[in-house]
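Novice: Let me give you the structure first, and then I'll get to my questions.
The values are calculated or read from the model by the stated rules, or taken from the named source; none is laboratory data. Just so it is clear, the model here is predicted, and its values are computed rather than measured. Cβ atoms come from the backbone with ideal geometry, glycine included; neighbour counts cover every protein chain shown.
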Amino acid sequence: MNTTPTAVTSETLHASLAGVLSDEALTWIEDARATLGRAPERVTFYSAITALRCGRAPLGAALPGWTADDAVRVLLLCALRPGLADGPLADRVEEVYRQGDSAERRAVLRALPLLKLARHCQSLLRDALRTNDPRLIGAALGPCATALDQRAWRDGVLKCVFVGVPLTEVAGLRERMDADLLRMFGDYAAERRAAGRPVPDDLAAFLDLKED
Amino acid sequence: MPIFDPHIHMTSRTTRDYEEMFHAGVRAVVEPAFWLGQPRTSPGSFIDYFDGLIGWEPFRASQFGITHHCTIALNPKEANDPRLAEVIDLLPRYLVKDQVVAVGEIGYDAMTPEEDLAFSRQLALAIEYGLPALVHTPHRDKAAGTRRTLDVVKESGIAPERVTVDHLNELTVRMVLESGCWAGFSVYPDTKMDEDRMVAILKEYGTERVLVNSAADWGRSDPLKTRKVGDAMLAAGFTEDDVQTVLWHNPRAFYAQSGRLDLPGGHDADAVEYAGNSVLRGVAKEA
């Protein structure tokens, strides 16, 4: 079981888009990135219209679970980096999240590690984990989850099992797994068995590990 | 019989409604922003409401196999509350979102000067953001209100084929169709319009530029009324093609003018209806 999603860089995003987008869309991205360097306040607008300009084509095996609009939004957010210090950058990124729909919010969560902002933006991770939207919960437990303390992280992982987010989306799950989370998994499995309901396969794999 | 309900307030409905709608053939809905029964007291309430229309509700619908888009606006009733005036300034940030396929519901409730202002400002926003407009007509003084509505639409400069004038009846349908706007009908358990009256209107005026919706909300209403109109049309001698025109092609054509309608099978009309493996094709086979 692969428990560590592939590390994403702006180079891998550029490369994956080159094969999927039209020249017109690729030019639009470069123009938008140049504009954001000068006018970072435009980022909420560009984030909103990204899918209308670039579509939502899946990016394939290199970036499983990513679509073109995800990758473009992350590249747009990265274009803010050179002009802004951590504080103002975090404010801009938070604004995109707060004003965004679920796709835009997921892109922000995916961009945080590339922007080295996950610690500044812990409140966004916690916001995403409070939702019941599997796209946001899964993204909050991706590479940006290094910013979560162990208690919040454990609760988030258990929530994945509850709402059906595959545990393969949790970055570094085996490395970060601890006795408390194993106990929580075990208790949850016991609850399911007592109710006559099946234990999710994801969970069973870890319970086997515990018995080893 | 794949069905597109062009006006339904799913925020007020249950998951059982979604299940029954799917079973009846509903595969796409548009949820217009409107009032919630309980008046809101601040613009912040609208932010949460609009965020739900582009966030939680489309996710909820997707779990039941239904594609959800919305329209965004300050509704006519609450346009009269001075505490909410700045809601109109919040609209531009929503009018660029993927899920938003029109400005609406706008129009008149009590035909006040405040409603005049909100109506014309929001028609201007529809033009500026390249969106169609969904216009509510008043329940009281409907014929006069509809005439005035059409005057304001004409004056705004928006193309009439980009406007639906909704909640029509026998007395208001002719003037709306003659104006070039789309004619919307909300079929309710006992008010507004019923299935048999709807069939009579379709017989008299034809199926072109006619939209049928359930407008189901938190009041006494029925989210399956679109299907019931389809059944009544067939019983009255309309063909399957006629039913598909009214319940699928027409709403799709109206909202596709936004350039943002994203239905199963893609934007292309033929892909939606004829692709062998699309969800909707499967439904058509079952029907």
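Novice: So, B:ALA235, is that one surrounded by fewer than 19 Cβ atoms within 10 Å (Cβ to Cβ) and more than 30 Å from A:ALA57 (Cβ to Cβ) or not?
Specialist: yes
Novice: Being more than 22 Å from B:PRO189 (Cα to Cα), among the charged types (D, E, K, R) and not in a helix (DSSP H, G or I) is the filter here; which residues of the range B:201-256 pass it?
Specialist: B:GLU208, B:ARG209
Novice: Go through (1) in contact (Cβ under 8 Å) with a residue 24 or more places away in the chain; (2) part of a helix (DSSP H, G or I) for A:ARG183 and report which single condition fails.
Specialist: Every listed condition holds for A:ARG183 apart from (1).
Novice: How do the pairs read when you match residues in the range B:229-241 that are under 20 Å from B:PRO6 (Cβ atoms) with residues anywhere that are at pLDDT 95 or above and loosely packed, with under 14 Cβ neighbours inside 10 Å, using Cβ under 6 Å and keeping only pairs 6 or more apart or on different chains?
Specialist: none
Novice: Hey, can you tell me all the residues within the range A:112-135 that are within 14 Å of another protein chain (Cβ to nearest Cβ) and either assigned to a helix (DSSP H, G or I) or touching a residue at least 60 places away in the same chain (Cβ under 8 Å) (or both)?
Specialist: Of everything in the range A:112-135, those that are within 14 Å of another protein chain (Cβ to nearest Cβ) and either assigned to a helix (DSSP H, G or I) or touching a residue at least 60 places away in the same chain (Cβ under 8 Å) (or both) turn out to be A:ASP127, A:ALA128, A:ARG130, A:PRO134, A:ARG135.
Novice: In addition: In the range B:204-222, is there at least one residue being without any contact (Cβ under 8 Å) to a residue 40 or more places away in the chain, among the basic types (Lys, Arg) and under 24 Å from B:MET21 (Cα atoms)?
Specialist: Yes - at least one qualifying residue is present in the range B:204-222.
Novice: Could you please tell me which pairs satisfy a Cβ distance under 8 Å, a separation of 6+ or placement on different chains, a first residue in the range A:15-41 that is without any contact (Cβ under 8 Å) to a residue 24 or more places away in the chain and closer than 24 Å to A:LEU84 by Cα, and a second residue that is among the aromatic types (Phe, Trp, Tyr) and surrounded by 18 or more Cβ atoms within 10 Å (Cβ to Cβ)?
Specialist: Pairs that qualify, where the first residue is without any contact (Cβ under 8 Å) to a residue 24 or more places away in the chain and closer than 24 Å to A:LEU84 by Cα and the partner is among the aromatic types (Phe, Trp, Tyr) and surrounded by 18 or more Cβ atoms within 10 Å (Cβ to Cβ), are A:THR35/A:TYR46.
Novice: Please work out if B:VAL96 is in contact with a Ser or Thr (Cβ under 7 Å, 6 or more places away or on another chain), buried (at least 17 other Cβ atoms within 10 Å of the Cβ) and within 24 Å of A:ASP69 (Cα to Cα).
Specialist: The answer is no for B:VAL96.
Novice: I would also like to ask the following. Here is a check on your reading of the model: is B:ALA61 closer than 26 Å to B:GLN244 by Cα, within 14 Å of chain A (Cβ to nearest Cβ) and in contact with a His (Cβ under 8 Å, 6 or more places away or on another chain)?
Specialist: yes
Novice: Taking helices (runs of 4 or more DSSP H) that do not extend beyond the range A:20-111, which have at least 3 residues that are within 14 Å of chain B (Cβ to nearest Cβ) and within 15 Å of the chain's Cα centre (by Cα)?
Specialist: Here the list reads A:68-78.
Novice: Moving on to the next point. Determine whether the range B:70-80 contains at least one residue that is buried (at least 23 other Cβ atoms within 10 Å of the Cβ), within 14 Å of another protein chain (Cβ to nearest Cβ) and under 21 Å from B:PRO251 (Cα atoms).
Specialist: Checked the range B:70-80: at least one residue is buried (at least 23 other Cβ atoms within 10 Å of the Cβ), within 14 Å of another protein chain (Cβ to nearest Cβ) and under 21 Å from B:PRO251 (Cα atoms).
Novice: What about B:GLU31, is it within 18 Å of B:ASP217 (Cβ to Cβ), in contact (Cβ under 8 Å) with a residue 40 or more places away in the chain and touching a Cys at 6+ places or on another chain (Cβ under 8 Å)?
Specialist: When the stated conditions are applied, B:GLU31 passes them.
Novice: Right, something else. Kindly indicate the residue of the range B:90-146 that is assigned to a helix (DSSP H, G or I) and within 14 Å of another protein chain (Cβ to nearest Cβ) and also nearest to B:PRO160 (Cα to Cα) among those meeting that condition.
Specialist: It comes out as B:GLU128.
Novice: Give the residue, chosen from A:TYR46, A:TYR97, that is surrounded by 16 or more Cβ atoms within 10 Å (Cβ to Cβ), among the hydroxyl-bearing types (Ser, Thr, Tyr) and within 27 Å of B:GLN257 (Cα to Cα).
Specialist: A:TYR46
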